[in-house]
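Here's the structure, in structure tokens; my notes come after.
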Amino acid sequence: MGRRKFNVCLSGLTGSGKSTLARRLVERYGLKRVSGGDILKEIIGGRESLKDPGWWERDEASKAMEERLLNPELDKEVDRRLMALAEEGGYVLDSWTMAYLLGPGDCIKIFLKADIEVRAMRVARRDRISLDEAIKRIKLKEEETYRIYKRIYGFELGKDLTPFHLVLDTTKLNAGEVFAIVSKFIDSWLKYNE
């Protein structure tokens, strides 16, 4: 019987480059991509919300955030679905939680970070909003999400980086450079762990 296909747990804060990197990793390694944020958007906002990549930074998402604060089962359901997919193998799991919830051998765990100003510029460009508005939305989203995960699971998102095999600051890197570094790491990881 063959070895289960590997997973990549890709985590990082808004605008750090997760989605762009995830798409490229899917192409390179023949994996499938699943986003915890997309699953949560679908549960809360319906399938229409999936068409809007900046949904979490928009006003309608503030109602969703309030619902999440009141009902931790929403986030737990997302994580149950992601864990089931991780069991199958062959996924890029774009999730803020999976690296903390899965064991060290269940996936290659990568965290992307970048300065708030750079992340906000990326979000502002994507969503066609002002830099100040992007900073405001990112900070609100992240503060509330920190509280949710601290309350549900006890970890400090983005502060406790011990579960990760690779932490990469994308502040001064373009998407191609991030992909090259992460691909090299994954190739080495796979070779070492054959």
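In order along segment 153-164, phi translates into HN-Hα couplings of 10, x, 9, 9, 3, x, 9, 8, 9, 4, x, 8 Hz, rounded to whole numbers, per the Karplus curve 6.51 cos²θ - 1.76 cosθ + 1.60 with θ = phi - 60° and x for Gly and Pro.
Applying 1/(1 + (r/R0)^6) with R0 = 22 Å to the Cβ-Cβ distance of Ser188 and Met121, what FRET efficiency is obtained, to the nearest 0.05? Efficiency, from the Cβ-Cβ distance: 0.10. With the Kirkwood sum run over all distinct C-alpha pairs, segment 149-192 has a hydrodynamic radius of 12.5 Å.
Kirkwood radius, the chain, all distinct C-alpha pairs, inverse of mean reciprocal distance: 17.1 Å. Within the same chain, aspartates and glutamates fewer than 8 places from Lys63 are excluded, and of the rest, those with a Cα less than 17 Å from its Cα are Asp38, Glu42, Glu48, Asp52, Glu73, Asp75, Glu142, Glu143, Glu144. As a proxy for reagent exposure, ranking Leu102, Leu93 by other Cβ atoms within 10 Å from fewest up yields Leu102, Leu93. Multiplying the residue separation of Lys63 and Asn174 by 0.36 nm and removing their Cα-Cα distance gives an extension gain of 36.6 nm.
When the C-alpha to C-alpha distance is required to be over 22 Å, the pairs from Lys41/Lys159; Lys5/Lys159; Lys18/Lys139; Lys76/Lys136; Lys18/Lys172; Lys139/Lys184 that qualify are Lys41/Lys159; Lys5/Lys159; Lys76/Lys136; Lys139/Lys184. Put simply, the Cα atoms of segment 108-181 extend 34, 31, 15 Å along their principal axes, the longest span coming first.
Any read-out appearing in this document is the output of simple, stated calculations on the displayed coordinates, not a laboratory observation. Keep in mind the model is a prediction, meaning the values are calculated, not measured. Positions of Cβ are generated from backbone atoms using ideal geometry, with glycine treated the same way; all protein chains shown enter the neighbour counts.
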